1. Students often get this wrong, so try it: which of [x] 35, 16, 10; [y] 19, 14, 12; [z] 33, 14, 8 is semi-axes √(5λ) of the Cα gyration tensor in Å as calculated from the structure shown?
2. Based on alpha-carbon centroids, what's the gap between region 58-75 and region 5-20 in Å, whole number please?
3. For the chain, what is the relative contact order in percent, using Cα pairs closer than 8 Å and at least 6 residues apart in sequence?
4. To the nearest 20 debye, what charge dipole does the chain have about its Cα centre, counting +1 at the Cβ of each Lys and Arg and -1 at the Cβ of each Asp and Glu?
5. Say the dipole of the chain comes from +1 at the beta carbon of Lys and Arg and -1 at that of Asp and Glu; which of Thr20, Met1, Ala70 then lies farthest toward its positive end?
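Nothing in this text is a laboratory measurement; each read-out follows from the coordinates by a stated rule. Nothing here was measured: the structure is a model prediction, and the numbers come from that model. Cβ sites come from the backbone with ideal geometry, for glycine too, and all protein chains shown count toward neighbours.
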Amino acid sequence: MLLEALSSAILGLALAWAATHRLAHRLPPRPLVLSTGVAGALFGAFVMHSALDAGHWLLVLLGAVIVSVASLSLLLRPAGRLRRRSATA
């Protein structure tokens, strides 16, 4: 379990680092993104380990990646400015 937690934290950190380099203009400050990636991966690993029990380490890591990407996607802001029309237009 400790190896799964360490592996999922490293995967979450790597995903968050890649997101900050690729989408830096659409994300909040880097410390928030990095901590969100790690926390999402740890939570995903915990949920998958609880659901599957021991022996399914590859599926646990897959669940960690999925939850980490989902939590990082919640931090994304729109690329351009939203143009809103006034109510009278």
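1. The value computed from this structure is option [z].
2. One Cα centre to the other: 9 Å.
3. It comes to 35 percent, rounded to a whole number.
4. So the dipole magnitude of the chain works out to roughly 940 debye.
5. Of Thr20, Met1, Ala70, it is Thr20.
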